[in-house]
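Worksheet: one structure, shown below.
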Amino acid sequence: MLGMTDYHMHSILSDGKNNYEEMILAAIEKGLDEVGFSDHLCLKPVNWAISAVDLPVMVEQIEILRERYKSQIKVKFGIEMDYLEGMEDEISKVISSLPLDYVIGSVHFIGDWNFDTDKSLYGKWSNDHLYKMYYDLIQKAARSGLFDIIGHMDIIKKFRIYPETDQSPLIEDTLKIIKENNLVVELNTGGVDRPCAEFTPAPSIVERCYHHHIPMTLTSDAHRTDQVARHFKTAVDLLQKVGFEELVTFQARERNTLKI
């Protein structure tokens, strides 16, 4: 797995089970060249995101470990930031206060409902309408100018929730907006181990990303050391089959590319 990166990983400072050093050692063992941390940061009061008091701890620990392991692996500093409509200014202030290499923008909330962990409101709307609400937020996140990467783009399917009718036009519109706003989409392999049992986004969306010339980066959404770089061989095979020849890497929110 030489030359690979994993840019979506969580530590005990958010909802992960291991500390940064343990995750780095797992990445070295698996032969990765780069690893990027992206603990959850959410401006709603949730128990799965990093607390404000721990932000300086996060910065200090990553900087120390980046230096400690620089001869073995590149350590990048990212966050997974929840997009919350109407809170763009507050989100921008938090992002600008941190020395980040990249920002993953994710949608876990529709209004006050955290559909990613709370199943109680599934069925309140038709799935078609649910998808419309979700992708409307993804589109707004893409237009916000806050993020570098769109996280697990079709995570609304997590609990095997699928639309009643073909939503390809909605997804196409969303991808066009992502392209117009010069964003990267992650191929998140963690979806394989969720109820949907599929990459996020799905292979069909990966194909459309290639069609729209939207660059991608590769992530595992690891919350434990054994999840680092999970399912990467299958993911790389998919990317190459679709036509991708490189992945995006980041340094101080500037892009570079890595051949695959």
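Any read-out appearing in this document is the output of simple, stated calculations on the displayed coordinates, not a laboratory observation. Bear in mind that the values here come from a model prediction, so they are computed numbers and not experimental data. All Cβ positions, glycine included, derive from the backbone under ideal geometry; neighbour counts span all protein chains shown.
Things worth noting here:
- Selection within the range 102-143: residues that are surrounded by fewer than 16 Cβ atoms within 10 Å (Cβ to Cβ) and small (G, A, S). The member of this set that is nearest to G86 (Cα to Cα) is G111.
- Any hit, the range 107-125, residues being basic (K, R) and either part of a loop (DSSP other than H, G, I, E, B) or in contact with a Ser or Thr (Cβ under 6 Å, 6 or more places away or on another chain) (or both): yes
For (1) part of a loop (DSSP other than H, G, I, E, B); (2) among the aromatic types (F, W, Y); (3) out of contact with any helix residue (DSSP H, G or I) (no Cβ under 9 Å at 6 or more places or on another chain), each residue gets a yes or a no:
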| residue | (1), (2), (3) |
| --- | --- |
| Y210 | no, yes, no |
| H213 | yes, no, no |
| L218 | no, no, no |
| D226 | no, no, no |
| K233 | no, no, yes |
| V236 | no, no, yes |
| F244 | yes, yes, no |
| T249 | no, no, yes |
| T257 | no, no, yes |
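- Inspection of the range 128-149 finds a residue satisfying the criterion of being in contact (Cβ under 8 Å) with a residue 24 or more places away in the chain, closer than 29 Å to E34 by Cβ, assigned to a loop (DSSP other than H, G, I, E, B) and of a type in the set (G, A, S).
- The residues of the range 190-223 that are in contact (Cβ under 8 Å) with a residue 40 or more places away in the chain and of a type outside the set (V, I, T), listed by number, are G190, E198, P201, A202, P215, L218, S220, D221, A222, H223.
- Among residues of the range 145-171, those that are touching a helix residue (DSSP H, G or I) at 6+ places or on another chain (Cβ under 9 Å) and either surrounded by fewer than 16 Cβ atoms within 10 Å (Cβ to Cβ) or β-branched (V, I, T) (or both), counted: 10
- For E63, the conditions (1) over 22 Å from T225 (Cβ atoms); (2) over 16 Å from the mean Cα position of the chain (by Cα) all hold with the exception of (1).
- The sole residue among K259, K157 that is within 20 Å of Y134 (Cβ to Cβ) and in contact (Cβ under 8 Å) with a residue 24 or more places away in the chain is K157.
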